Amino acid sequence: METIPVNSIEFEYVYVANQRCACGGYYTAVRQELRRGPSGPVDRLIARCEGCGDERAFEFDIRSFFGQWEKYGRFRRTDERFRDAIAHLRAGRLAEAEAALRQVVDAEEGEPAFAWGHYHLGCVLLLEGHAEEARFYLERAAAIQPLEPDIHEALARALEATGEEEAALGHRRESAALKEQFPAE
Ligand SMILES: [Zn+2]
């Protein structure tokens, strides 16, 4: 199983809560186990789908902070920056939103597996006319949370803006299919 890079324990739970089961339901963590992997400590969360009850395990690479107490609790700052970014975005302050979102998904300071951070950064970059870079972040968001129609929709807009009509159409179809598949959304 591929481990997910994280910079805080709190984010592991955020990550799991944002993952979708094939049935469309979201996951809740039910058990946690600390393991020693070949390259360092791994935190394993076992989660249950709120829709169908299926269990799935997620493994997180916690080497960046494990045992370094001064680094614990860093997610609070990332979460604050994310909220600030959304407030800037709602007020139309794109440059401020962009700066905050870059910190949110920063590999060292933020959470590099925060799909909604990548998603909003991609959307802001698209509004600013930076379609190529927007596409990069939206592709990352889609890789982390492949079952979210909004992410595929935004990625389709970025691909359109970079002249990749065919790939854009693929993601538009994927978005429509997911919306139909999970009508509760
Ligand atoms: Zn399910």
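Mean-square fluctuation check for the chain, GNM, Cα pairs under 10 Å: which of Ala167, Ala17, Ala91 is largest? In this elastic network of the chain, the residue with the biggest mean-square fluctuation among Ala167, Ala17, Ala91 is Ala91. Treating r as the C-beta distance of Arg93 and Glu133 and R0 as 25 Å, the FRET efficiency rounds to 0.85. Across all directions, the shadow cast by the convex hull of the chain built on its C-alpha atoms averages 11.1 square nanometres. The gain in end-to-end length when the Tyr26 to Ala167 segment is fully stretched comes to 48.0 nm, 0.36 nm per residue minus the alpha carbon separation.
Helix 94-104 axis versus longest C-alpha principal axis of the chain: approximately 30°, rounded to the nearest ten.
If the chain linking Gln181 and Arg56 were pulled fully straight, counting 0.36 nm for each residue of separation and taking away their Cα-Cα distance, it would gain 42.9 nm.
The stretch between Arg76 and Arg36 holds 11.8 nm of extra length on full extension. This uses 0.36 nm per residue minus the Cα-Cα distance.
Let's test the formula: R0 of 25 Å, r as the Cβ-Cβ distance of Ser64 and Ala17. What FRET efficiency results, to the nearest 0.05?
0.75
Quick note: the coordinates plus some simple rules give every number you see, no bench work behind them. Note that the structure is a prediction, hence the values are computed from the model and not measured. Every residue, glycine among them, receives a Cβ derived from its backbone with ideal geometry; neighbour counts consider all protein chains shown.
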